[in-house]
1. Averaged over A:71-79, how many beta carbons belonging to a partner chain fall within 10 Å of each residue's beta carbon?
2. Under a 1.4 Å probe, what is the accessible area of chain A per residue, stated in Å²?
3. On C-alpha positions alone, give me the angle between the axis of helix A:273-296 and the longest principal axis of chain A, in degrees, nearest 10.
4. If you take the beta carbon distance between B:VAL203 and A:ASN242 as r and set R0 to 45 Å, what does 1/(1 + (r/R0)^6) give as a FRET efficiency, to the nearest 0.05?
5. Given points 7 Å out from each Cα along the Cα-Cβ axis, report the B:LYS72 to A:THR171 separation in nanometres with one decimal.
6. Where a ≥ b ≥ c are the square roots of the eigenvalues of the C-alpha gyration tensor, would you call the protein assembly as shown rounded, which needs a/c under 1.5, or, failing that, prolate if a/b is larger than b/c, or oblate?
7. How large is the accessible surface per residue of segment B:29-212, computed with a 1.4 Å probe and reported in Å² as a whole number?
8. What is the distance in Å between the Cα centroid of segment A:161-186 and that of segment A:23-74?
Amino acid sequence: MHWNIYLPIAHASLSLPLVVGLGLVVGLLSGLFGVGGGFLMTPLLIMFGIPPTVAAASDSNQIVAASASGCFAHYRLGNVDFKMGIYLLIGGVVGGTGGVQLIKVLRQMGNADFLIKITYVLMLGFVGGYMFIESLQAMRKKKTVEYVQAEPKESLYARMTKRLPYQTNFTKSGIVLSPVVPLFLGVLVGVLAAIMGVGGGFIMVPVMVYLLRMPMHVVVGTSLFQVLFTCIDVTIMQAYSNRTVDFVLALLLLVGSTIGAQIGARLSAKIKDDQLKIYLAILVLLVMVKMLYGLVVPPHTLLAFHGGH
Amino acid sequence: MNRNYFKLIVIICASQMIRLGIATAEPMPASLVVTPKTVAVDTFFSGGKLSVSGDIPSADDVIIEVTGKDSKNLFDLKGKMGPFWMTRGKVHIDNVPGLYILLLPEGRDWGKKIKALGIGFSRLKSRMTTSGPQDIPPEIFKMFIKLKKFQSLYGELKDAVTYAPGSNDKKHFTAVLNLPSSIAQGDYTVRATTIANNDVGAVTTREFSVEEVGFIKFVNHMASDRRVLYGVSAVIIALLAGLIMGVVFKQSGGSH
């Protein structure tokens, strides 16, 4: 008996254990860090011969399952700030719609694929590098005796956000903030997510941690909530406009990813915040290096099907 | 009047006899059997096996070509700018088949011979047309073949046709081709060309088709003709799967 399965939209045959295994690994990361995993899964699927457009769209479909599973697990743990999530989501939808128009203009100008990749590299490098250094410093500080517990100096960003109107209490996150901030940041992440073709979890997580100052465990659950709705939107749009959602591929991936997400959510409760951040930083930096490698190493052929990444 | 009729009948008979005479001088075509007639793409399809067999005169050879319909293709051309490899332009490559696999007979190096006979990639090269807004590199055909070979959709397979003794001064040939899983749905042609006295002889063709069946056909139908329903169903199933898995995990020990 062979273990291959035919994917009707991708028009490719893949090993069944391989697809389920990929889902499991990416689902684990999703539950652990609150990222959708699209930034990791899509390149992996392309590597195994799935057309890029089908890989991205089908991945969105499976992220719906993984993030629903992860979000549900985090909800039971009390780690989802729905109020914050809804503000970010509204901003994300607005930004995502604008981003789709922007990418159309970029494609007409040519070389949009290069721009997408270099944006990936820069974003991943910046976010991963910053998280890595910050988490490392935080871990070192905890090891040394804290001599002085001086009141930290308030940054310009913090002072500006305090001046904004409609200051609201986000009880779950334990912060008081104007809804304008998550709305604005949601728009920014939405634009970037649309350009880069991902759910935006790996950008949203650092934004919540560093700009919204939310506690890491609430960040993971809330990010999954936002990723869930973004990917529902993307799946329906891709199925309608481009016919690129391979349901069979998504179904197999989600078998693995939903299990992985549950395991990840449990693991995340056992790992300290700084450790969690440093692991995510390493993951983000590894993906960045992989993408940079793809940009500087000569491709195996100088001809590629139009529309690929 | 009767005499004129008689002359006409004589002329017709003579012309038919001349035609028959020429026909007997023509190379004998290969008998050709292709199985299956339809390759079914089902849920567990991982490529299909195509068997080609027939009989040819014992002194001849046979070369088999398996080709798909001509397709229009748009490609991105990559180039280096600074330290980065990026798309530098677009190129249309037309009048080339979606699938082209050449099966060569055993016991001989056919590399130069097929080129001289005008069979194989060289024939594709002469038919191919390219167009694009920028200069098209001279090695575009090589690049195209490399890409298609990478997808297993193009190939020249040595020693793929084997011979066995036949009856009445004939030999039996057999070839088994593993069709790639990436083969597109549609009609395909198997073309058997006999090679007699180092020259192209008779050509015999047979058709076969690749068709999606069962669940695969249903999914494609839904994705094409019921797009919104397909998208919404995919989301609902994913949501249910995620939530069911969440409940299953809760019941199997919980995470608190």
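The values are calculated or read from the model by the stated rules, or taken from the named source; none is laboratory data. These numbers come from a predicted model, not from an experiment. Here Cβ is always computed from backbone atoms with ideal geometry, including for glycine, and neighbour counts include all displayed protein chains. To get the accessible areas, we keep the full protein, side chains included, count just its heavy atoms, and leave off ligands, DNA and RNA. Shrake-Rupley method; radii C 1.70, N 1.55, O 1.52, S 1.80 Å.
1. 3
2. Values: 13600 Å² over 309 residues.
Each residue of chain A exposes 44 Å² on average to a 1.4 Å probe.
3. So the inclination is approximately 40 degrees.
4. That pair, B:VAL203 with A:ASN242, gives E of 0.60.
5. Going by the 7 Å Cα→Cβ label model, 6.2 nm.
6. Prolate, since a/c reaches 1.5 and a/b exceeds b/c.
7. Per residue, segment B:29-212 has an accessible area of 48 Å².
8. What the calculation gives is 30 Å, centre to centre.
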